[in-house]
Amino acid sequence: MGATVVDTSLKVATWNAAKPKSYKGADLTNALKAYETATKKDIMVLAKLPDFKVSKLEGARDVYSTAATELKKVVTALGSIDTAGTKTHGELTKQAKTKEGDEKKQYEDAAAVARTMSLSARTHRQKLS
């Protein structure tokens, strides 16, 4: 029996490849879309403090304020993935009980991917909070 490598990166494409075609829940998809949008923007910070002039320090404050705002968006999106992944895992696990054969396995596998995405998002969120 060979091992199956599963991509659990936090991307809509990853989830779309894993979820059963008949699964209609969109919570995880929507959370992943929000995360992808939040992470498209580079978050810039200064490598060192500027000269101690009011105008330079005010500029640095603006850079850090913007960085904090963008980082909060990423943290919020990660929280949404965690919540949606946990919910989706529960739904798929419950629905898998009504399936048989390959379809049951597909639901169980998708539930595992949703759970892994949830845990990954939670870990990343904790590191960034």
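Restricting attention to region 7-20, and to residues there that are out of contact with any His (no Cβ under 9 Å at 6 or more places or on another chain) and farther than 10 Å from A110 by Cβ, which single residue is modelled with the lowest pLDDT?
Filtering region 7-20 for residues out of contact with any His (no Cβ under 9 Å at 6 or more places or on another chain) gives 7-9, 11-20.
Filter once more, so that each one left must be farther than 10 Å from A110 by Cβ: 7-9, 11-14, 16.
Values: D7: 51, T8: 59, S9: 87, K11: 93, V12: 95, A13: 93, T14: 93, N16: 94.
Per the stated criteria, the residue is D7.
Can you tell me which of (1) farther than 25 Å from R125 by Cβ; (2) modelled with pLDDT under 80; (3) out of contact with any Leu (no Cβ under 8 Å at 6 or more places or on another chain) is the one D42 doesn't meet?
Exception for D42: condition (1).
Of Q126, Q95, which residue is over 19 Å from the mean Cα position of the chain (by Cα) and either at pLDDT 95 or above or loosely packed, with under 15 Cβ neighbours inside 10 Å (or both)?
On the way: Q126 fails: over 19 Å from the mean Cα position of the chain (by Cα).
Matching residue, one of Q126, Q95: Q95.
I'd like the full set of residues that are in contact with a helix residue (DSSP H, G or I) (Cβ under 8 Å, 6 or more places away or on another chain) and surrounded by fewer than 17 Cβ atoms within 10 Å (Cβ to Cβ), limited to region 23-36.
Residues of region 23-36 that are in contact with a helix residue (DSSP H, G or I) (Cβ under 8 Å, 6 or more places away or on another chain), as a first pass: 23, 25, 27-36.
G25, T29, N30, K33, E36, listed by residue number.
Looking at (1) modelled with pLDDT of 95 or more; (2) within 22 Å of A34 (Cα to Cα), which one does K104 not meet, given that it meets all the others?
Going through the list (1) modelled with pLDDT of 95 or more; (2) within 22 Å of A34 (Cα to Cα), K104 breaks only (2).
Condition check ((1) within 15 Å of I43 (Cα to Cα); (2) loosely packed, with under 15 Cβ neighbours inside 10 Å) across all residues:
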| residue | (1), (2) |
| --- | --- |
| T66 | yes, yes |
| K73 | yes, no |
| T83 | no, no |
| K87 | no, no |
| E91 | no, no |
| E100 | no, yes |
| A121 | no, no |
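The values are calculated or read from the model by the stated rules, or taken from the named source; none is laboratory data. Here the structure is a predicted model, which means the values were calculated and not measured. Quick reminder, even Gly has a Cβ in these numbers, built from the backbone with ideal geometry, and neighbours come from all protein chains shown.
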